[in-house]
Amino acid sequence: MTLRLGVVGAGANTRARHLPGFQAIPGVEVVAVCNRTRESGERVAAEFNIPRVFDNWLDLVNDAQVDAVCVGTWPYLHGPVTLASLAAGKHVLTEARLAMDYREAQAMAAAAAATDRVAMVVPAPFYLESEPVVLPMVADGFFGDWLEIHVRAMGGVFDPLAPLHWRQRRDLSGQNTMALGIVNETVRRYAGDETSVSALARIFTPTRLDAENGQSRPVDVPESLGVLAEMACGATAVYHLSSVTPHGRNGVFEFHGTRAALRLADGSAWVATGVGGVFSPVEVSPQQRGGWRVELDFVDAIRQGRPVTRTSFADGVKYMAFTEAVHRSLRAGARVALPLRD
């Protein structure tokens, strides 16, 4: 049976990954698209041979010829489109981050749990290739107990004259800051839950020009963020994120345990053992290698009833709780305990 997919928000990741991924699966047809403007929707439709272009995303979601919806909008629409899609009986794949804030994420997860539809969040893509080898090593105790976890997500460029980006607007991007949610999702795979967070942040360019209306607008999302987290496993986790450090290291994770250390960097997994041990790459055979299979996992979950593991709405709620706790810590200037009380 053909699975008919509608796309709401054909952003960069949707065009680079989701549309080609879905169109490569036999029996899947991308039948409709709705973008921010009619013109951009028509360009996407022409590029990917999509037969229908909608002006209003709600019309697409409620169309009887659409079985599933891929939500590729900015975060401010993830919740409304997802809730409307589930209410209309559609399966949903939504781009990360899951929601604008923790409460919206909870509402989305509750709506998903109340239906028999598949609801899936695009997973953190870091180091999926080595996960089938490394995660069993963690589970088998190869690294011992985690002591220290260090995360660096540093990049971008310092340019006070650059126009305002949607990621610098809380009304469009929500409580998340830079890549905080997506890197926390990765840490959680290897080390589990947090019990508290403390955060410090800076905005170096407080106002920027909004290119859409030519007016100056406040920047209300930090450009530098440090987070200290206590883990339920007993480890301490330190995050440093920045969008003004072009020479910084991006997407680097280090897990130091009582028996060995794990480094995820430069596209590979590395392991060091013993005092003063040198990091060596983890050997991953072609048969063991994982990778990006988001679109296929979504379709398999619909057709075969496979459970969603990368990433469920329940997992999305957990990293949204983490980002919410960081936001509350910044606002209060104090440590915030997890799980959140409200």
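The values are calculated or read from the model by the stated rules, or taken from the named source; none is laboratory data. Note that the structure is a prediction, hence the values are computed from the model and not measured. Virtual Cβ from ideal backbone geometry, glycine too; neighbours counted across all protein chains shown.
Structure summary
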quantity: Those residues of region 101-112 which are in contact (Cβ under 8 Å) with a residue 24 or more places away in the chain and part of a helix (DSSP H, G or I), in sequence order; calculated: Tyr102, Glu104, Ala105, Gln106, Ala107, Met108, Ala109, Ala111, Ala112
quantity: Criterion: without any contact (Cβ under 8 Å) to a residue 60 or more places away in the chain and under 30 Å from Asp220 (Cα atoms) - qualifying residue of Leu77, Leu98, Leu83, Leu93; calculated: Leu83
quantity: Check on Glu254, outside any loop (DSSP other than H, G, I, E, B), of a type in the set (Asp, Glu) and surrounded by 20 or more Cβ atoms within 10 Å (Cβ to Cβ); calculated: no
quantity: Condition check for Ala96: part of a helix (DSSP H, G or I), out of contact with any Ser or Thr (no Cβ under 6 Å at 6 or more places or on another chain) and either within 17 Å of Arg310 (Cβ to Cβ) or of a type outside the set (D, E, K, R) (or both); calculated: no
quantity: Residue ID - farthest from Phe298 (Cα to Cα), chosen from residues in region 16-42 that are of a type in the set (Lys, Arg) and surrounded by fewer than 16 Cβ atoms within 10 Å (Cβ to Cβ); calculated: Arg38
quantity: Where Pro222 falls short, out of the listed (1) crowded, with 19+ Cβ neighbours inside 10 Å; (2) not in a loop (DSSP other than H, G, I, E, B); calculated: (2)
quantity: Residue identified as in the same structural domain as Arg167 (by TED's automatic domain parsing), hydroxyl-bearing (Ser, Thr, Tyr) and in a strand (DSSP E or B) among Ser216, Ser285; calculated: Ser216
quantity: Residue identified as surrounded by fewer than 17 Cβ atoms within 10 Å (Cβ to Cβ), without any contact (Cβ under 8 Å) to a residue 60 or more places away in the chain, outside any helix (DSSP H, G or I) and out of contact with any Leu (no Cβ under 6 Å at 6 or more places or on another chain) among Arg331, Arg263, Arg306; calculated: Arg306
quantity: Criterion (at negative phi, crowded, with 16+ Cβ neighbours inside 10 Å, aliphatic (A, V, I, L, M) and modelled with pLDDT under 95) met by exactly one of Ala45, Ala84, Ala96, Ala12; calculated: Ala96
quantity: Hey, Val197 part of a strand (DSSP E or B) and over 30 Å from Gly277 (Cβ atoms) or not; calculated: yes
quantity: Search result, residues across region 1-54 that are among the aliphatic types (A, V, I, L, M), within 22 Å of Trp292 (Cβ to Cβ) and not in a strand (DSSP E or B); calculated: Ala10, Ala12, Ala16, Leu19, Ala24, Ile25, Val44, Ile50
